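Shown next, in structure tokens, is the structure this report addresses.
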Amino acid sequence: MRAAVMGSPIGHSLSPYLHRAAYQAMGLDGWSYGAFECDEARLPGLLGELVPVRGQGPDDADAWAGLSLTMPLKRAVLPLLDTVSEPALEVGGANTVVFRDGLRHGHNTDVYGIEQALAEAGVPAPRSATVLGGGATAASALAALRNLGLFAATLLVRDPARAGETMEVAERLGVALAVETFDKLDALTRVDLVVSTLPGGAADAFADRLARVPALFDVVYSPWPTSAAAAVRAAGGTVVGGFAMLLHQAVRQVELMTGRTDVPVEAMRAAGEAELARRSASRTD
């Protein structure tokens with residue numbers, strides 16, 4: 001069986017280390033996991049080249065079991081799928097494609113990853129939350145917050161005119177969403193939880209103002225900790241990093257692709273942490 005992660009850029013992805021560790025611990029000797037550089041324009045053609053897929057030939061030898069998708073493909077893949085799960089429909093993005101019975105089935109495991117990361121860190125269900133950034137990960141964060149019982153949140157973006165898709169997601173989720181700009185940051189971080197979906201380093205400029213929040217979930221995982229995460233931790237707040245989200249969404253992907261539930265979370269965690277440590281050491285050499 002074959003699987004892979006696709007996106008652009010893809011060289012930094014930890015997914016191969018996580019999935020390969022799972023296969024090894026599960027005794028899936030015939031499984032492999034690769035990585036493909038792929039943008040939105042190339043996606044339809046590349047999907048068509050992945051043959052055979054499971055259930056399409058006389059046997060499943062060397063068939064494709066599934067794909068992990070990262071940016072910018074999570075939304076672009078939807079019209080190319082045969083079925084789409086309810087969570088993926090709600091957030092308007094699929095980060096997982098499972099090939100079964102000759103069909104492409106889309107799923108979203110990011111929402112699950114966020115929920116599990118918060119639970120693992122002991123963050124209680126928030127009564128109020130602010131989300132920084134308005135992309136696909138922000139949409140998944142809103143779904144996770146809704147699942148935790150929060151039906152109102154604030155979205156902070158640089159340009160509200162570009163938050164239309166996320167606002168549509170909030171409407172589908174039944175979440176009342178207020179959209180504001182970053183000049184309102186001081187007033188809008190007096191909440192139980194701040195979720196930063198900003199790219200690496202983008203939230204560092206706000207570190208001193210974020211320091212007072214009770215809990216920060218920063219989706220960045222390398223380099224770690226971010227300045228914002230370090231500031232919150234130093235002030236006694238709870239910090240959740242992006243690696244925990246990445247780990248748990250990958251666990252769910254392995255379940256979906258293999259059909260098994262005995263996924264070795266700790267083996268995957270150890271493999272991911274080892275690779276992050278290696279990268280950190282190489283940056284300081």
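Structure notes:
- Note, ³J(HN,Hα) from phi for the range 145-159, Karplus 6.51, -1.76, 1.60, rounded to Hz, x at Gly and Pro: 5, 4, 5, 8, x, 9, 10, 8, 7, 10, 10, 9, 9, 6, 9
- Computed on the range 139-285, the Cα convex hull volume stands at 145 Å³ per residue.
- Solvent exposure of the range 198-281, expressed per residue, is 40 Å² of accessible area, with all protein chains present and a 1.4 angstrom probe.
- Listed values (i) 17; (ii) 12; (iii) 23, entry calculated as percent of Cα pairs over 35 Å apart: (i)
- For residue 196, distant residues with modelled amide H under 5 Å away: 132, 217, 218, 219
- Theoretical gain in end-to-end length, residue 283 to residue 41 [0.36 nm per residue, Cα-Cα removed]: 83.9 nm
- Probe 1.4 Å, all protein chains present, accessible-area order of 257, 167, largest first: 167, 257
- In the range 26-178, one over the average inverse separation of all distinct C-alpha pairs is 16.9 Å, which is the Kirkwood hydrodynamic radius.
- Distant-in-sequence amide H partners of residue 152 (H built 1.01 Å from N, under 5 Å): 176
- Evaluating 6.51 cos²θ - 1.76 cosθ + 1.60 at θ = phi - 60° for every residue in the range 18-26, the Karplus couplings come out as 5, 5, 5, 5, 5, 4, 5, 5, 8 Hz, glycine and proline recorded as x.
- Here residue 100 sits with roughly 80 square angstrom of accessible surface, probe radius 1.4 Å.
- Dividing the summed helix terms, -39500 (n - 2.57) for each DSSP H run of n ≥ 4, by the number of residues in the chain produces a 222 nm estimate of -11500 deg cm²/dmol to the nearest 500.
- R0 of 30 Å, Cβ-Cβ distance residue 270-residue 86: FRET efficiency to nearest 0.05: 0.35
- Hz values of 3J(HN,Hα) by residue in the range 103-115 - Karplus curve (6.51, -1.76, 1.60), Gly and Pro given as x: 10, 9, 10, x, 9, 10, 9, 5, 4, 4, x, 5, 4
- Length gained on full extension, residue 186 to residue 49: 44.4 nm, using 0.36 nm per residue less the C-alpha separation.
The values are calculated or read from the model by the stated rules, or taken from the named source; none is laboratory data. None of these values were measured; they are calculated from a predicted model. All Cβ positions, even for glycine, are placed from backbone atoms using ideal geometry, and neighbour counts span all protein chains on display. Keep in mind that these areas ignore ligands, DNA and RNA; they rest on the heavy atoms of the full protein, side chains included. Shrake-Rupley method; radii C 1.70, N 1.55, O 1.52, S 1.80 Å.
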